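The values are calculated or read from the model by the stated rules, or taken from the named source; none is laboratory data. Note that the coordinates shown come from a computational prediction; the quantities given were computed from them, not determined experimentally. Every residue, glycine among them, receives a Cβ derived from its backbone with ideal geometry; neighbour counts consider all protein chains shown. Quick note on the areas: whole protein, heavy atoms, side chains included, nothing else; ligands and nucleic acids left out. Shrake-Rupley method; radii C 1.70, N 1.55, O 1.52, S 1.80 Å.
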Amino acid sequence: MEKFIPEDMFLNETQAANMIGFSKNTLRVWRVNGRSSGEPTPIFVKCGRAVRYRLSDLKAWMNSMGTRKSTSDPGTACHG
């Protein structure tokens, strides 16, 4: 039986970084800059000093990045 994970579950910085395959430091840089190479960054919630990422927001962000067939393919990523 597969484990159910609620979509509105909050992940800490380490969990979020592991899920999307980037380092915690990269997430920190994105939060400061607000963009990653011109692309929107994942939405986060800050409660005091704690930073959290909603699972559904991370999935939506990953889906918005689109797919590519090669490094020269501009893909279907959003350009904001």
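Quick notes on this structure:
- Hey, Pro42 modelled with pLDDT of 85 or more, part of a loop (DSSP other than H, G, I, E, B) and of a type outside the set (Val, Ile, Thr) or not: yes
- Among the residues of the range 57-73, those that are open to solvent by 80 Å² or more (accessible area, probe 1.4 Å) and over 19 Å from Ala17 (Cα atoms) comprise Thr67, Arg68, Lys69, Thr71, Ser72.
- Close pairs (8 angstrom Cβ cut-off, 6 or more residues apart or separate chains): within 19 Å of Asp8 (Cβ to Cβ) in the range 55-73, assigned to a helix (DSSP H, G or I) and of a type in the set (Gly, Ala, Ser) anywhere: Leu58/Ala16
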